[in-house]
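The values are calculated or read from the model by the stated rules, or taken from the named source; none is laboratory data. Since this is a predicted model, take the numbers as computed values, not measurements. Glycine also receives a Cβ, built like all others from the backbone with ideal geometry; neighbour counts cover every protein chain displayed.
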Ligand code: SAH
């Protein structure tokens with residue numbers, strides 16, 4: 001790597017392996033630091049007899065100065081430096097593999113968790129800045145038929161610290177410095193199916209004494225868990241909400257996104273509208289373009305109708321092929337045609353040419369063998 005400061009640094013080229021012999025966190029050890037809100041960190045340290053300002057110093061080292069080694073926390077007393085590791089676990093999961101895209105605009109991480117479960121995260125760099133895409137579950141139970149992660153099934157929910165750790169790893173190791181980076185819950189898993197831990201991770205990331213990532217810079221993407229969308233609306237945070245719509249009729253959506261059989265379009269869109277009204281934020285409608293499946297003119301017309309019925313923008317995602325799955329990406333002309341049908345009819349349309357396709361790090365490819 002060359003410079004650490006420019007956002008245009010090419011991605012580190014090749015994978016990097018942490019020493020595998022590094023001991024994994026013992027299950028019965030101290031609580032993981034990254035699963036604690038700043039108040040909880042203070043609670044733990046004050047409970048061990050520390051002055052509250054000492055906890056603030058630790059938070060400052062970790063989240064502002066990006067220092068996790070207690071020995072380097074020079075304004076702590078000697079006894080505190082020695083005790084810290086027994087009070088909170090400051091380690092991050094092992095990086096099993098890190099892969100930079102040849103174009104230098106994406107880095108995919110496979111992290112190995114305490115129980116050896118693996119999750120993937122992707123850091124992306126564009127003209128608009130850095131976006132960190134995090135996983136909320138190992139695998140996914142939603143079984144969307146075109147998604148690589150969907151074919152894996154659910155291994156387990158991630159804990160809040162395992163979500164926060166993904167962000168920290170990417171901030172520490174991409175070398176991309178962007179104070180205005182965005183976080184999207186668009187990696188493996190259905191974030192709203194792991195509601196409590198996802199919310200906790202958001203509170204930690206959002207906390208002023210944490211990473212201080214503004215709620216408006218965090219987007220949760222969901223396949224459409226209606227009760228959880230309502231709950232999210234009532235959290236009092238201006239989080240972005242993205243809905244994985246992908247179809248404009250229940251008939252097709254039932255096939256593509258099995259959860260639609262439980263929460264059909266009408267209910268889903270009503271929940272989306274409630275979210276927009278309660279939070280004052282426009283929803284993003286994500287629409288994966290599957291060649292010959294949902295890319296007809298009629299689909300575009302119905303999509304425009306839906307888009308005009310609620311405060312939203314539309315994000316078209318040309319399908320990223322997944323080995324072993326039969327779905328196809330439409331031709332570039334078909335993609336453009338679909339976008340052109342929408343543009344005049346829709347409030348806002350963007351076309352997401354996913355990054356990271358060359359390293360199987362694009363939308364829906366996480367967990368695919370590549
Ligand atoms: N489970 C959540 C979070 C995942 S976000 C959700 O579904 O919203 C990942 C996005 O990529 C979703 O919109 C998903 O439907 C979409 N996706 C899945 N497989 C894809 C693929 N192969 N190509 C493009 N997008 C895909």
- [ ] State whether the residues of the stretch 311-325 include one that is part of a loop (DSSP other than H, G, I, E, B), within 16 Å of the ligand (Cβ to nearest atom), within 23 Å of the chain's Cα centre (by Cα) and without any contact (Cβ under 8 Å) to a residue 40 or more places away in the chain.
- [x] yes
- [ ] Check whether at least one residue in the stretch 58-80 is touching a strand residue (DSSP E or B) at 6+ places or on another chain (Cβ under 8 Å), closer than 19 Å to residue 209 by Cα and surrounded by 18 or more Cβ atoms within 10 Å (Cβ to Cβ), and report yes or no.
- [x] no
Open item on the list: What's the total number of residues in the stretch 38-67 that are at pLDDT 95 or above, out of contact with any helix residue (DSSP H, G or I) (no Cβ under 6 Å at 6 or more places or on another chain) and not in a helix (DSSP H, G or I)?
Closed with: 3
Task: Lone qualifier among 287, 275 - being within 16 Å of the ligand (Cβ to nearest atom), in contact with a strand residue (DSSP E or B) (Cβ under 6 Å, 6 or more places away or on another chain) and over 23 Å from residue 149 (Cβ atoms) - done: 275
- [ ] For the stretch 226-241, name all the residues that are within 16 Å of the ligand (Cβ to nearest atom), in contact (Cβ under 8 Å) with a residue 40 or more places away in the chain and not in a loop (DSSP other than H, G, I, E, B).
- [x] 226, 229, 232, 240, 241
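Kindly indicate whether residue 131 is surrounded by fewer than 24 Cβ atoms within 10 Å (Cβ to Cβ), over 19 Å from residue 257 (Cα atoms) and under 14 Å from the mean Cα position of the chain (by Cα). Quick ask: steps written out before the conclusion?
Working: surrounded by fewer than 24 Cβ atoms within 10 Å (Cβ to Cβ): yes; over 19 Å from residue 257 (Cα atoms): yes; under 14 Å from the mean Cα position of the chain (by Cα): yes.
For residue 131, the condition - surrounded by fewer than 24 Cβ atoms within 10 Å (Cβ to Cβ), over 19 Å from residue 257 (Cα atoms) and under 14 Å from the mean Cα position of the chain (by Cα) - is met.
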Task: So residue 259, is it under 22 Å from the mean Cα position of the chain (by Cα), within 16 Å of the ligand (Cβ to nearest atom), over 20 Å from residue 346 (Cβ atoms) and part of a helix (DSSP H, G or I) - done: yes
Task: Options 154, 205; residue that is modelled with pLDDT of 95 or more, within 13 Å of the ligand (Cβ to nearest atom) and farther than 16 Å from residue 242 by Cα - done: 154
TODO: Could you check residue 346 against (1) away from the ligand (no atom under 16 Å from the Cβ); (2) modelled with pLDDT under 95; (3) surrounded by fewer than 20 Cβ atoms within 10 Å (Cβ to Cβ) and say which number it fails?
DONE: (3)
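Does the stretch 178-190 hold any residues that are within 16 Å of the ligand (Cβ to nearest atom) and either assigned to a strand (DSSP E or B) or without any contact (Cβ under 8 Å) to a residue 40 or more places away in the chain (or both), and which are they?
Filtering the stretch 178-190 down to residues within 16 Å of the ligand (Cβ to nearest atom) leaves 182-190.
Those that are within 16 Å of the ligand (Cβ to nearest atom) and either assigned to a strand (DSSP E or B) or without any contact (Cβ under 8 Å) to a residue 40 or more places away in the chain (or both): 182, 183, 184, 185.
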Task: Number of the condition not met by residue 305 [criteria: (1) modelled with pLDDT of 95 or more; (2) surrounded by 15 or more Cβ atoms within 10 Å (Cβ to Cβ); (3) not in a strand (DSSP E or B)] - done: (2)
- [ ] With the checklist (1) over 20 Å from residue 157 (Cβ atoms); (2) touching a residue at least 40 places away in the same chain (Cβ under 8 Å); (3) in contact with a helix residue (DSSP H, G or I) (Cβ under 8 Å, 6 or more places away or on another chain) in hand, flag the one item residue 129 doesn't pass.
- [x] (3)
Open item on the list: Among (1) surrounded by fewer than 21 Cβ atoms within 10 Å (Cβ to Cβ); (2) within 16 Å of the ligand (Cβ to nearest atom), there is one condition residue 175 misses while meeting the rest; what is its number?
Closed with: (2)
- [ ] Mind listing whichever residues of the stretch 96-108 are crowded, with 18+ Cβ neighbours inside 10 Å and either free of Cβ contacts under 8 Å to residues at least 12 places away in the same chain or not in a loop (DSSP other than H, G, I, E, B) (or both)?
- [x] 96, 98, 99, 100, 106, 107, 108
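Just to be sure before I move on: is residue 330 surrounded by 15 or more Cβ atoms within 10 Å (Cβ to Cβ), within 23 Å of the chain's Cα centre (by Cα), without any contact (Cβ under 8 Å) to a residue 60 or more places away in the chain and at negative phi in the structure I sent? I'd like the intermediate steps shown before the answer.
Working: surrounded by 15 or more Cβ atoms within 10 Å (Cβ to Cβ): yes; within 23 Å of the chain's Cα centre (by Cα): no; without any contact (Cβ under 8 Å) to a residue 60 or more places away in the chain: yes; at negative phi: yes.
It is false that residue 330 is surrounded by 15 or more Cβ atoms within 10 Å (Cβ to Cβ), within 23 Å of the chain's Cα centre (by Cα), without any contact (Cβ under 8 Å) to a residue 60 or more places away in the chain and at negative phi.
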- [ ] May I ask you to say which residue of 97, 114, 156 is over 21 Å from residue 324 (Cα atoms) and within 17 Å of the chain's Cα centre (by Cα)?
- [x] 156
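Condition check ((1) within 13 Å of the ligand (Cβ to nearest atom); (2) more than 26 Å from residue 39 (Cα to Cα); (3) touching a residue at least 24 places away in the same chain (Cβ under 8 Å)) across all residues:
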position: 192; (1), (2), (3): yes, no, yes
position: 199; (1), (2), (3): no, no, yes
position: 224; (1), (2), (3): yes, yes, yes
position: 246; (1), (2), (3): yes, yes, yes
position: 250; (1), (2), (3): no, yes, no
position: 255; (1), (2), (3): no, yes, yes
